[in-house]
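Student: This is the structure I want to talk about, given as structure tokens.
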Amino acid sequence: MTRNLPLMLGLGFFALVVIMNSMFVVRQDRQAIVLRFGQYTSTINAPGTDAPGLYFKIPFFDTVVIYDKRNIGLTLEGQPIVASDQERLIVDAVVRWRILDPRRFYQGAFNEDGGAQRLETFTESALRRALGSATSNDIISGRRAELMQTIESDLNAAAATELGIRVIDVRIRQADLPQETRDRVYDRMRSERQQVAGRIRAEGERDAVIIRATAREQAERLRGEGEAERARIFAGAFGRDPEFAAFYRSMAAYERSIDAGTPIIVPPDSDFFRYMQRRRGG
């Protein structure tokens, strides 16, 4: 009995290994394919296949490859892109994707790292196709949402066939100019803004000249109308009392022509001072 103990322990260990290699568990958030001698046999927990749980396989003959069923992230940094206006941009993008067909994914990429590498290649090509047909202003701000939708559709058309995956979302996280061209572009933008400012300033000065000329014309017209009305009133008043009118004109002439402390030499019988010679004019 003692001599057979190692053999019994060996057989028990072998049986345990066989049992352990006969069972596998597919979680709710995972999906799997079963291979027998490297050939595909079945899929578990993918759309339209068996549900997750405990499964059995033939030990040493069957191989189980498990993939994530959730969304997977892929980040691309520092992608050089040449826009349609020949501006060179550095683009960072984020892709969210999911494995829908594990069998096709195994055939096209083998594992998730291989799938990420192939998807990265597809994404680089899709970025260049979509962004290469847009201007740098559209990429930076103007049409970014539309361009991301175009890239997503392009990726799904290629990745679904080649890898059995679906691209959930594509985001251009950052699109910026390289350092060597940034100063040149900023100078050009500054020059354009200065031209716009100069044009607006010239238009404002032109409008100001027009407004001032119009105001001056209106002022002259109103002043002429006022002078005419004043002359009409004076003429009407002077016509009623000519003697008072002559006296008023003389007093106004004294006020305008004689300043304080100004010596004036005129003959005493000058008609200019006739209202100074007597109390009553005549």
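The values are calculated or read from the model by the stated rules, or taken from the named source; none is laboratory data. All values derive from a computational prediction rather than experimental measurement. Ideal geometry is used to build each Cβ from the backbone, glycine not excepted, and the neighbour counts take in all protein chains shown.
Student: Would you confirm whether any residue within the range 153-171 is of a type in the set (S, T, N, Q), in the same structural domain as Ile81 (by TED's automatic domain parsing), more than 23 Å from Ile72 (Cβ to Cβ) and out of contact with any Pro (no Cβ under 8 Å at 6 or more places or on another chain)?
Tutor: Scanning the range 153-171 turns up no residue that is of a type in the set (S, T, N, Q), in the same structural domain as Ile81 (by TED's automatic domain parsing), more than 23 Å from Ile72 (Cβ to Cβ) and out of contact with any Pro (no Cβ under 8 Å at 6 or more places or on another chain).
Student: At pLDDT 90 or above and acidic (Asp, Glu): which single residue out of Asp85, Asp50, Asp92 fits that description?
Tutor: Details: Asp85 fails: at pLDDT 90 or above; Asp50 fails: at pLDDT 90 or above.
Exactly one of Asp85, Asp50, Asp92 is at pLDDT 90 or above and acidic (Asp, Glu), namely Asp92.
Student: Which members of the range 33-65 meet the condition of being more than 21 Å from Leu100 (Cβ to Cβ) and either assigned by TED's automatic domain parsing to the domain that holds Asp101 or in contact with a strand residue (DSSP E or B) (Cβ under 8 Å, 6 or more places away or on another chain) (or both)?
Tutor: Arg36, Gly38, Leu54, Phe56, Lys57, Ile58, Phe61, Asp62, Thr63
Student: When Ala32 is evaluated against the numbered criteria (1) in contact (Cβ under 8 Å) with a residue 12 or more places away in the chain; (2) out of contact with any Pro (no Cβ under 8 Å at 6 or more places or on another chain), which criterion, by number, is the only one it fails?
Tutor: (2)
Student: A further question on this structure: Out of all the residues in the range 171-193, which are within 19 Å of the chain's Cα centre (by Cα), part of a helix (DSSP H, G or I) and not charged (D, E, K, R)?
Tutor: Val185, Tyr186, Met189
Student: Within the range 113-123, is there a residue that is farther than 14 Å from Glu162 by Cα and either out of contact with any helix residue (DSSP H, G or I) (no Cβ under 7 Å at 6 or more places or on another chain) or surrounded by 15 or more Cβ atoms within 10 Å (Cβ to Cβ) (or both)?
Tutor: yes
Student: Also, quick follow-up: Within the range 159-170, is even one residue closer than 15 Å to Ala83 by Cβ and either outside any helix (DSSP H, G or I) or under 23 Å from the mean Cα position of the chain (by Cα) (or both)?
Tutor: No, because not a single residue in the range 159-170 is closer than 15 Å to Ala83 by Cβ and either outside any helix (DSSP H, G or I) or under 23 Å from the mean Cα position of the chain (by Cα) (or both).
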